[in-house]
Amino acid sequence: MKKNVTIPILLKNPKILLIGGGNIALQKASVLHHNNIDFAIISETVNKKITKKTKDITLKTFKLKDIKDHYIIIDATGVPSVAKKLLKYKKKHSILLNIVDVPEYCDFYFMALTKNKPLQIAVSSNGASPTAAQFFRDECEKLIPKDISKYLRKKHKQREAGIIKIKQTKKELEKRKRSLL
């Protein structure tokens, strides 16, 4: 039996293709845009709000050749024939595929990410309930001090200088946590 494992990964310069232009595609486009991730869209029509998320939009019927050099594909069409084509294509090509709202066919899920950069917390329900993941993401976000970015910049400079004091950092963070309560 195949075992599913969830791990957070960093993707450098991902080539993402979002197929679809409706409300579901808008949700995914919003997540990508919010996290400063470049992506292209192919769809016969698009929700006007999507045009604020990316300028890389091709208005046409999706064909497999449109995948080109994209290696992350998000099918937000809700059209079973598109999903079937992509699953068949995936058998011979190295792509990561997300068929929205069909978790059993997904190679990855969208996690609910906190908005605090550079500190981010990712919450996943493994596709079971994005709403639950978003709820707990929001609860986690309340625990993060407002000035965490400034603190992390200081810690980054220390790390670059070779100064890594784990015990001291833990004490500082405990103090910050207590000040939130």
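The values are calculated or read from the model by the stated rules, or taken from the named source; none is laboratory data. Just so it is clear, the structure is predicted and the values come from calculations on it, not from any experiment. Cβ placement follows ideal geometry from the backbone for every residue including glycine, while neighbour counts extend to all protein chains displayed.
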Exercise. Quick check, is ALA161 touching a residue at least 12 places away in the same chain (Cβ under 8 Å), out of contact with any Ser or Thr (no Cβ under 7 Å at 6 or more places or on another chain) and not charged (D, E, K, R)?
Worked result: no
Problem set entry | Residue check for LYS90: at pLDDT 95 or above and out of contact with any Lys or Arg (no Cβ under 8 Å at 6 or more places or on another chain) | yes
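Among what's in segment 53-104 and is small (Gly, Ala, Ser) and surrounded by 12 or more Cβ atoms within 10 Å (Cβ to Cβ), pick the residue that is nearest to ASN23 (Cα to Cα).
Here the answer is ALA76.
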Exercise. Can you tell me which residue in segment 6-47 is nearest to VAL102 (Cα to Cα), limited to those that are in contact with a Ser or Thr (Cβ under 7 Å, 6 or more places away or on another chain) and of a type in the set (Val, Ile, Thr)?
Worked result: ILE19
Problem set entry | Every residue from segment 128-149 that is of a type in the set (Gly, Ala, Ser) and either in the same structural domain as ILE9 (by TED's automatic domain parsing) or part of a helix (DSSP H, G or I) (or both) | ALA132, ALA133, SER149
Seminar exercise, completed: Residues of segment 86-122 being over 12 Å from the mean Cα position of the chain (by Cα), farther than 22 Å from PHE62 by Cα and in a strand (DSSP E or B), in sequence order, are none
For this session: With respect to SER125, determine if the residue is part of a loop (DSSP other than H, G, I, E, B) and either surrounded by 15 or more Cβ atoms within 10 Å (Cβ to Cβ) or in contact with a His (Cβ under 8 Å, 6 or more places away or on another chain) (or both).
Result: yes
For this session: Could you grab me the full set of residues in segment 48-66 that are in contact with a strand residue (DSSP E or B) (Cβ under 7 Å, 6 or more places away or on another chain), over 21 Å from ASP101 (Cβ atoms) and not in a strand (DSSP E or B)?
Result: THR51, THR54, ASP56, LYS60, ASP66
Seminar exercise, completed: Sole miss for SER81 among (1) modelled with pLDDT of 90 or more; (2) not assigned by TED's automatic domain parsing to the domain that holds ASP38 is condition (2)
Exercise. Can you name every residue in segment 14-30 that is over 11 Å from ALA76 (Cβ atoms) and either at pLDDT 95 or above or surrounded by 16 or more Cβ atoms within 10 Å (Cβ to Cβ) (or both)?
Worked result: LYS15, ILE16
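So that you can scan it fast, the table gives a plain yes or no per residue for (1) farther than 24 Å from GLN120 by Cα; (2) among the charged types (D, E, K, R):
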site: ILE19; (1), (2): yes, no
site: LYS28; (1), (2): no, yes
site: ASP38; (1), (2): no, yes
site: SER43; (1), (2): yes, no
site: LYS48; (1), (2): yes, yes
site: LYS55; (1), (2): yes, yes
site: ILE73; (1), (2): no, no
